[in-house]
Structure formats: structure tokens, C-alpha cells
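Note sheet for the following structure.
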Amino acid sequence: MAKKVWQLQRSDEPSAIYFIECSPTILGRSLGCDIVISDACISSKHLQFTLDGEALRINDLQSSSGTRINGRRLKNTSIKPLFAGKKYKLLTGNVAFDLFYATRPKAVADNKPVDVEKEEPQWFYASNEREVGPLTLVEVFEAVDCGALHPTDDFWKAGSNERWKAFEVEGLFDEVIDHRSGRAAELSMDGETIQCPYCWHRFKPEDLLFVSNHPELMGDSVLGQDEPQRFLPSRFTADGLALDAMGVVCPDMACPRCHMRIPSAYLDHDPLFMSVVGAPASGKSYFLASANWSLRTTLPHVFRVSFMDVDAVANQWLNDYEEKLFFQLNESGHQTIAKTDMTAPSLYRQVLLNGMNVALPLPGLFSLNFEQLKSQTEKGGLRSLVLYDNAGEHFQAGTDSAATPVTKHLLHAEGIIFLFDPTEDPRFRELLHRGGQQDSISGKSQRQDILLVEMISRIRKHLGMASGVKLKKPLVLGISKADLIADLLPLEGDPWIVQDGNQPAALDMDKIHRMSRLTRDLLLRYAPEITTTAENLAENVVYIPNSALGHNPSHEGVRPCDIKPQWVEVPFLYILARCGYLPYIERQRDESHA
């Protein structure tokens, strides 16, 4: 007897027929769905079909544009087959279908091909100056598995003029996802996208989730029972504000993958990631606090660039650092910043992704406005600066895994700052003794070049870089606590030039390069493996010493009245200038290492 099945037939394309034979069957725009409809009005996962004998249950999965059946709004309903060849009219967003229960075509029942257009996007990539495609999604994952498609290859969708690097496409190079099946992959490449600052997932604005506000709507599937539910809204106020299931207005939004709250101000402009790397106890937290405090003054007053917090809640950890060092009523009292812990709840958040508990870093988020520099620089406009404070242990070998991807911001960073701590290198003890800084010598020594090698290894692994290929993004190698060897590295004067009138200053690249050469020569003498390793990784390496405190603190801590930072903001200014955001003056380019 011929088998009867539920069937979907597109009203505008009668040859496009989909069969509902599995339970559940998901319809949506995501390529991981069972029925893929590539239309902007369709949500990533729009609705679900569940078989119940001959009956069919239909659930709208909180789609953004809604679902209607025979003209009536649908949330959760069950339908039965109609007689005399009648069909249901199903409307998903603006895409109309005929839904009916009928005999499956014999060619399909016999596992023979049927002349039905399958709505599957085609993909292309360019590797070694050779264009490959068109490919189906399965063929794309096969290219990843066999090593033909690399993370740094250009990747695009048929009919689209926009190209991406393959590693930027969520799902292609993620250890958590089964590439062979491709079921969990969502390759969303068309139009405007948002990149989450927590899990680095790219998604379309219409896929943003909202955070429930009603106290009864607690318990989120990704963040746990103590968090409000995240949802894709289907109801709005007259002003366009989302309403949760209890009818309460919900202003807060969240990432559709990790469900972390994303400030609305962050969504207004593209992110600019910067990564700070260093050994445990190398002074990264003090460096970030001091640099951030200095940038609050230097960027607006010297360079005419607005710099402010995107969100006070997101930046709480960094604001706490700054307040301890620079915002105390008793400036003579000793303050300390606790060593960054690998599981600190203020810096990391455990979420459930694809059935696995994953630790994600909590960044600091800032707004940068370069509008006044448009006529003097390559780039202008608004950007969101994203900074991270990782525990140094996270950069040690063996700590990079699918469960702890906390250093993957390195892949997206427009510049990387590696802090070298001379007090943890026994070869620098001679200099510290000579300068009368015996108390500053660390009680332990660390091979900091091993951390640099591990950083390079992670970047090469995740980007698929061959061993001889160098990064084009700036790498700043800074000697922290440089006040301890001030006789060799005198940080005198600011490395920028104030121009006539009310014009913004320009970064003095010649002065930075002179200091870079001094610093490089010092490292070549005492720690040559550091320079060799760094220059094997990046085309543009600059050596910038800095001091977060400007003096050697006592064992009790640091007194705010004694803090005088030196060049601590310069690594960030250098990266901004090299990336085209800040004006600079460079009379003679230093080709030896930068």
C-alpha cells in the first residue's frame, strides 16, 4: 500500500515539496534545520512539526514574524488530515505553503530521485589563489575535515558580494559541533551581522534574543535556573518594544548562542577586539587598570576621541580595578588587585553549549568615537572596544579546549599585546640588583617564551596558518614594570606630537621606534628567544616598555598617591594608529622589526 505522509508545498514554487516523516521536524532559515527556507522573514528555527499517528502537531518556536494556519495566528495546535484533497494554508512569515496529508510519490517511496527543487544554498571558497565551488553544506564540511578549506580562506555564498574568512563562520571550525553531519551549523552570511563579545558567534540582528522581565519567567536553558528566560519575541508594544510571555516589556537583549546579555549600545557599532597576554603574576590586571584610566584622559583630551563605558554592569570588574588604584579617598592607604583566578565569577561565566559546560570570558566594553578624525585617518566612525583579562594560567600549554575557549579572542583581535615581566626572568636579576631593586625580584622564575610559543600555536591552529606564514596584525611586545630598569629604558616624555590650533595630536612613531630598538636590543642580550619567537609570528612587531605604577610598590601593596603610570596607554594607541584609527607622524619607517 502506498504510504501517506504530511507534505509541504510552496505556493510560489509548486515544484518545491517537503516531506514531514521524522518527529520532530524543524523548519527554519538555519542550515541545521530539517526543512531549510532561505528567506529573511523566516527565523533561524521558525516552527516544529511533531507526528502523532495521522495527526500533526505544529509549534511556533517563538518566531519573529509568526505563523498562521488558514488565516489564524498559530502558537501550538494539532491538525488532522482533511478529506477530498483539501489543504491547509500555512503562512510562515511571508512564505506561503499548502499543507496536506497525501500519498508519497512512488519515485520517492522507491528511493529514486524525484524532480523537486531542493532549496539548499551553494557555497564557494578560495584557497591558494584557486576558487572552489559551488559546494553543498555537506561538501563544505568535508573540505574542512580533509584540510582543503582553511580558516583563513575567503568564503562566500552564491549570489552574495560579501566575503568572509572561513573561521568567522560559526560552526565551521568549532570543536563542539559535529562537522560531518552539519546539523548544528548555521552559515548566516548575508547582510548586517553582530559578533557576540562573549562567544564570538556571528548572527543577524533579527536573531537577537530578549531577556524576560517577569519574575515568574526564570530558568534559562543555557545560563541555568537563576537566570531569566531568553526568548525570541513575537509580541511587541506600539513603540516596538518586545513583550515576554507574561506581557512585560523587555529592554535587555542577548546572544542567540550563549544567551549572555549584550548591551544595546554595543549593538550600534562594530567591535574592535584587543588581546592582552602574559604569564601568571606578570601584572596584566594592573596594566589594564592603569592603561584604561590613562586612556580615559589621553584619547579625548589629546586625540579628540570619545572614550566611555558601553555598560557599567559589563565593566564592573575593570571599574573595580580602576577604583582601587585611582579613586580612593585615602590615597595613602595600601591597595592591591587580587591575582586573576582561572574560575573568578567576575571574569568568567559557565554556560551550557551543545550539552557541554563551557567557560566564557567576561570582557570590558567601551565606546570609541573617531568622528573628529575622519579627515586625518583611514577609518572613522564608531567602534566598540572589547578588552579581556585572562588568568595567565589560561595561556599555558594544555589549557585550550572546547570547554575553556577563553583565549579565542586572540583570533579576532586587531592587535595583540604580550607582556614580558623581567622580574620573573633570572637573567634580568643582574640588572635589578644593579639598580637596587632586589625586593622586586620574583620568588619564582618562568619560561615566558613558552607562553609566547603557546599563543602562537593556538593562533596558527585555529586559523590554519602554515608555519612560515606571519600574522599581519600588530604585535606589541611590552616589558612591564619598566621603571625597575629606567636607566636602560628611560620613558621620558609623551610619544605624541601636539599640533597647531585645536587639532588632535598625532602619535610620534619615530620616538616609539627609537624606544622599540632600545628594548629589542635589551631583550636580544638577555632573552633572545623572546624576540626570535615574536618575529617569527608577526610581520609587525614593536617593543614598547611600560610601567603601570611608575614605581616599585611595597609588599603591603600600592599607595594611590604614589602611582605615576609611564607609557602604559601607548601599546593601545600604537595598535589604533596602525589599524588606521589615529593620526601619526612617521618620518622614517623602522624596517628592522616593525
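Residues that are touching a Gly at 6+ places or on another chain (Cβ under 9 Å), open to solvent by 10 Å² or more (accessible area, probe 1.4 Å), at pLDDT below 95 and within 19 Å of S282 (Cα to Cα) do occur in the stretch 530-549. Is there a residue in the stretch 492-514 that is touching an Asp or Glu at 6+ places or on another chain (Cβ under 8 Å) and basic (K, R)? No: the stretch 492-514 contains no residue that is touching an Asp or Glu at 6+ places or on another chain (Cβ under 8 Å) and basic (K, R).
Filtered by the rule that a residue be open to solvent by 30 Å² or more (accessible area, probe 1.4 Å) and part of a loop (DSSP other than H, G, I, E, B), the stretch 15-28 gives S15, E21, C22, S23, P24.
Scanning the stretch 79-94 for residues being more than 21 Å from F236 (Cβ to Cβ) and open to solvent by less than 60 Å² (accessible area, probe 1.4 Å) gives a total of 4.
Of the residues making up the stretch 227-273, those that are among the aromatic types (F, W, Y) and either part of a loop (DSSP other than H, G, I, E, B) or surrounded by fewer than 21 Cβ atoms within 10 Å (Cβ to Cβ) (or both) are F231, F236. Residues that are free of Cβ contacts under 8 Å to residues at least 24 places away in the same chain and under 18 Å from V542 (Cβ atoms) were ranked within the stretch 495-519; the one that is surrounded by the fewest Cβ atoms within 10 Å (Cβ to Cβ) is R514.
Could you list, in sequence order, all residues of the stretch 286-297 that are polar (S, T, N, Q), open to solvent by 10 Å² or more (accessible area, probe 1.4 Å) and closer than 17 Å to G550 by Cα? Answer for the stretch 286-297, where residues must be polar (S, T, N, Q), open to solvent by 10 Å² or more (accessible area, probe 1.4 Å) and closer than 17 Å to G550 by Cα: just S294. If the condition is being acidic (D, E) and touching a residue at least 60 places away in the same chain (Cβ under 8 Å), then the stretch 5-42 contributes D12, E13. Considering the stretch 377-489, the qualifying helices (runs of 4 or more DSSP H), each wholly inside and each with 1 or more residues that are over 23 Å from L523 (Cα atoms) and at pLDDT below 90, run over 409-412, 448-463. Of all residues in the stretch 257-288, those satisfying the criterion of being over 30 Å from Q448 (Cα atoms) and not charged (D, E, K, R) are C258, H259, M260, I262, P263, S264, A265, Y266, L267, H269.
Residue by residue, here is whether (1) farther than 26 Å from I563 by Cα; (2) of a type in the set (V, I, T); (3) in contact with a strand residue (DSSP E or B) (Cβ under 9 Å, 6 or more places away or on another chain); (4) modelled with pLDDT under 85 holds:
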{"residue": "A265", "(1), (2), (3), (4)": "yes, no, yes, no"}
{"residue": "A279", "(1), (2), (3), (4)": "no, no, yes, yes"}
{"residue": "S294", "(1), (2), (3), (4)": "no, no, no, no"}
{"residue": "Y321", "(1), (2), (3), (4)": "no, no, no, no"}
{"residue": "M342", "(1), (2), (3), (4)": "yes, no, yes, yes"}
{"residue": "Q350", "(1), (2), (3), (4)": "yes, no, yes, no"}
{"residue": "N354", "(1), (2), (3), (4)": "yes, no, no, yes"}
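Conditions (1) farther than 22 Å from Q9 by Cα; (2) surrounded by fewer than 14 Cβ atoms within 10 Å (Cβ to Cβ); (3) at pLDDT 80 or above, marked per residue:
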site: L99; (1), (2), (3): no, no, yes
site: A102; (1), (2), (3): no, no, yes
site: D110; (1), (2), (3): no, yes, no
site: P113; (1), (2), (3): no, yes, no
site: F124; (1), (2), (3): yes, no, yes
site: N128; (1), (2), (3): yes, yes, no
site: E131; (1), (2), (3): yes, yes, yes
site: W164; (1), (2), (3): yes, no, no
site: F167; (1), (2), (3): yes, no, no
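The values are calculated or read from the model by the stated rules, or taken from the named source; none is laboratory data. If you're wondering where the values come from, they're calculated on a predicted model, not measured in any experiment. Counting neighbours? That spans all protein chains shown, and the Cβs are built from the backbone with ideal geometry, glycine included. Quick note on the areas: whole protein, heavy atoms, side chains included, nothing else; ligands and nucleic acids left out. Shrake-Rupley method; radii C 1.70, N 1.55, O 1.52, S 1.80 Å.
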